[in-house]
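The structure appears below as structure tokens.
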Amino acid sequence: MAVDLVVKNCTVVTTEGRTPDSGIAVEDGTIVAVGRSDRLPDADRTLDGAGNVLVPGIVDAHIHNREPGLEYKEDWETATRAAAAGGVTTVVGMPNTEPVIDRPERLAVKFDRGEASAYVDFQSFVVVTSENRERIPALDEAGALGYKIFLGSTVGDVPPPTDGEILEAMNAIRKTGKRLGFHEENGEIIDYYERQFREAGQNRPIDHAHSRPVIAEREAIERMITFAEETGAKIHMYHVSSGSGAEAVGRGKARGVDVTAETTPHYLWFTEDVLTEKGNVARIQPPIRDEREQARLWKALEDGAIDSIATDHAPHTDEEKKVDDPFGNTWEAISGFVGLETEVPVMLTFVDQGKLSLEEWVYHHATRPAQIWGMYPQKGSLRIGTDADFAIVDPDREWTLTDRNELHSKTRVTPFEGETFTGKAVSTVVRGEVVYDDGEITGEPGYGSRVDVD
Ligand code: DOR
Ligand code: ZN
């Protein structure tokens, strides 16, 4: 009897190691065999991996898919189309939409829209504010993946809860067993410096970065770790931008706090010089840091203080990003840029440069995020009986993102335009369906499904 799909002639890489001349067999959307190409069963469809590398599908647990309410920037369909083209098989949407995702009915809308139009599998975070603490258990029952608190002002202007409210939220979230993530910038520090910079007429893109200093990140991380130590809550630091912040996470881990952290491809690739080279296109919150902070961030990734990689994919229109005038008044430009189709190339380029191994890349970009958010081993592994989510990547393909209009997201502002990479996703498979192959989107909107978590 033939299985549905077999992929042959790859080097299969997981966190445990690599096996050349091998592949994977899929039946009913799940993995039924991983092994030597010549030992795999017959299949209705066979793909030749052509000697490329097969890895668990990338899990990007931090994207702004903008639906509901901000579909002019991006929606589930376009964000997950970009994911498919980027080797990403699971994405998690952020709750700073319009309205914000702060109650079960709104989460249901977010999920329904995803079920109707996503190309890859998905989940969603819900926001915790001063207003909705009593809904924490209901949001858990409604299937949220985890909770998010914004500690400082950023896109969407979700006001931060007080420290007392955060402590109480942690107590309530601990009882759900789920994890609470933070946009960790101390709001009082960044608001103070933004006012000072604006009043002094410091309007360059680099001024925006300097108005949100590293201490704002480090202090927020240390305070939330202290709160978690007190309450026993599981916490996560989104988009850690600095070595100072990452080292604070490491100290929290050493103290026994259940704190996890992610960083992004852009903090590892660019230094703040990109703001003087490419201007507001590279403006993001938290900002891209200097070389010393970046070197320490790399060290923290190697040491285990940083767990995972996610993009913070944050689509905005060309007008909002002031693309026509990239060195214009930074206070008139918005923060964030897209990343779903450059994250695999960036990480594979680091692999090519010897900065991490393929196994380490898989750990940080698929296995570890799935573990952090309770989706493992269904996602992020290639174990028998789990979802057949994988990407085939060519680790040697050299290419340049010459034209951002080749991207599949709805809006396409990225500082990675013009950058040269070694490595690219060639095919993407979600629960046994080939959703991207050799430059073409081959999946269907609505195929993607919500990942169920307890
Ligand atoms: O630069 C950012 N953009 N930082 C955030 O915290 C939010 C994001 C967005 O939603 O655009
Ligand atoms: Zn974000």
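Structure notes:
- Average projection, convex hull of the Cα set of the range 312-404: 8.5 square nanometres.
- Lys pairs under 22 Å by Cα in the range 306-454, provided they are eight or more residues apart or on distinct chains: 5
- Over the range 235-383, the hull volume per residue, using the convex hull of the C-alpha atoms, is 123 Å³.
- Simple spin-label estimate for LYS355 and HIS210 gives 2.5 nm between the two label positions (7 Å along the Cα-to-Cβ direction from each Cα).
- Pairwise label distance in nanometres, THR162 with THR442, each label 7 Å out on the Cα-Cβ vector: 5.8 nm
- For the range 57-65, 3J(HN,Hα) computed residue by residue from phi via the Karplus equation (6.51, -1.76, 1.60; θ = phi - 60°) reads x, 5, 10, 9, 8, 7, 10, 9, 8 Hz, glycine and proline entered as x.
- Counting protein heavy atoms only, the range 75-127 has 45 percent of its accessible area on carbon and sulfur, 1.4 angstrom probe.
- Shape descriptor for the range 1-117: Rg over Rh equals 1.12 (Cα atoms; Rh from the Kirkwood inverse mean 1/r).
- Sparse-neighbour loop sites [trypsin sites (Lys or Arg not before Pro); the range 247-346; at most 15 other C-beta within 10 Å; DSSP]: ARG255
- When only Cα pairs below 8 angstrom with a gap of at least 6 residues are kept, the chain shows a relative contact order of 22 percent.
- ASN405 sits among other residues whose Cβ lies under 13 Å from its own Cβ, and their net charge, with Lys and Arg +1 and Asp and Glu -1, is -2.
- Highest mean first, the peptides 85-91, 8-14 sorted by other C-beta atoms within 10 Å per residue fall in the order 85-91, 8-14.
- Divided by 2.2 N^0.38 Å, where N counts the residues, the Cα radius of gyration of the range 120-263 comes to 1.08.
- Translational diffusion of the chain, µm² s⁻¹ [Kirkwood Rh, Cα pairs; Stokes-Einstein; 4 °C; 1.567 mPa s]: 59 µm²/s
- Size of the range 345-454: Rg and Dmax of its alpha carbons, in Å, are 15.3, 43.
- Accessible area (Å², per residue) of the chain, counting only protein heavy atoms and a probe of 1.4 Å: 36 Å²
- Each listed q (0.15, 0.17, 0.20, 0.23 Å⁻¹) maps to a log10 I(q)/I(0) for the range 104-198, found by the Debye formula over equal Cα scatterers with no solvent: -0.66, -0.79, -0.98, -1.16.
- Here the range 247-320 is treated as an ellipsoid with the same Cα gyration tensor; its semi-axes, largest first and in whole Å, are 27, 14, 9.
- Distances between placed amide hydrogens fall under 5 Å for HIS239 paired with GLU262, all partners being 5 or more residues away or on another chain.
- Under a 5 Å amide H cut-off, with hydrogens placed 1.01 Å from N, SER381 pairs with nothing among residues at least 5 apart or on other chains.
- The Cβ shell under 11 Å around LEU151 holds other residues with a net charge of -4, Lys and Arg each +1, Asp and Glu each -1.
- For the range 248-352, the carbon plus sulfur part of the accessible surface works out to 45%, probe radius 1.4 Å.
- The orientation-averaged shadow of the Cα convex hull for the range 206-249, equal to a quarter of the hull surface, comes to 3.1 nm².
- Protection proxy ranking, highest mean first, for peptides 200-206, 375-381: 375-381, 200-206, where packing is the per-residue count of other beta-carbon atoms within 10 Å, averaged.
The values are calculated or read from the model by the stated rules, or taken from the named source; none is laboratory data. Keep in mind that what you see is a predicted model, and the values were worked out from it rather than measured. So basically every Cβ, Gly included, is an ideal-geometry build from the backbone, and we count neighbours across all protein chains shown. Quick note on the areas: whole protein, heavy atoms, side chains included, nothing else; ligands and nucleic acids left out. Shrake-Rupley method; radii C 1.70, N 1.55, O 1.52, S 1.80 Å.
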